[in-house]
Amino acid sequence: MHGKKLLLGGLVLVALVLVGCDLASAQSTSHTARVVVREWAFELSSASIPAGEVTFQLVNQGQAEHEMVILKTDLPANALKIKANGAEVDESASGEVMGEVEDLGSGQTKSVTLNLAPGRYVLTCNILGHYKAGMVTVLEVN
């Protein structure tokens with residue numbers, strides 16, 4: 001009887017260790033990318049990030065309102081497709097829209113959390129004229 005209790009206790013201990021490992025690995029797939037936004041640039045905390053859950057924390061240090069659109073694309077950052085108006089990115093023609101943060105006023109901070117697979121992503125501000133002014137950057141997800 002004592003041996004069965006010992007065996008059961010050992011199995012419970014192993015199960016707890018495995019659950020702990022699963023929780024630790026789940027936590028390790030969550031990452032934060034800080035993005036400072038200003039006229040006319042994005043400043044990423046890192047140009048690459050591991051795949052998984054990514055929280056983009058945007059801080060607008062500029063004077064104008066901005067936004068950030070996250071596109072999964074193989075196009076070069078300076079070669080996104082432009083709408084007929086000549087001032088906005090044609091998002092669906094340029095790649096897969098993964099998410100965005102809109103209406104980021106001067107001094108504001110906003111976040112968006114996305115589950116990103118490995119690949120190349122272009123981040124751009126798609127307010128009239130902002131992409132053409134240089135508000136675009138690349139993020140590699142490994």
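Observations on the model:
- When restricted to residues that are among the hydrophobic types (A, V, I, L, M, F, W, C) and under 17 Å from Val36 (Cβ atoms), the range 84-126 contains 5.
- Taking the range 93-108 as the range and being loosely packed, with under 13 Cβ neighbours inside 10 Å and within 18 Å of the chain's Cα centre (by Cα) as the test, the residues that pass are Glu96, Asp103.
- Residue that is modelled with the lowest pLDDT, among those in the range 18-76 that are among the polar types (S, T, N, Q) and in a helix (DSSP H, G or I): Ser25
- Qualifying residue in the range 109-122 (condition: aromatic (Phe, Trp, Tyr) and out of contact with any Lys or Arg (no Cβ under 7 Å at 6 or more places or on another chain)): no
- Some residue of the range 125-132 being touching a Lys or Arg at 6+ places or on another chain (Cβ under 8 Å), on the phi < 0 side of the Ramachandran plot and polar (S, T, N, Q): no
- Within the range 62-86, residues that are more than 12 Å from Thr137 (Cβ to Cβ) and in contact (Cβ under 8 Å) with a residue 60 or more places away in the chain have Cβ atoms under 6 Å from residues that are in a loop (DSSP other than H, G, I, E, B) and of a type in the set (Gly, Ala, Ser) in these pairs: Glu65/Gly105, counting only partners at least 6 apart in sequence or on another chain.
- Residue satisfying condition, being of a type in the set (Ser, Thr, Tyr), outside any strand (DSSP E or B) and in contact (Cβ under 8 Å) with a residue 40 or more places away in the chain, within set Ser106, Ser92, Ser111: Ser106
The values are calculated or read from the model by the stated rules, or taken from the named source; none is laboratory data. From a predicted model like this one, the values you see are computed outputs, not experimental measurements. Positions of Cβ are backbone-derived with ideal geometry, glycine not excepted, and every protein chain shown enters the neighbour counts.
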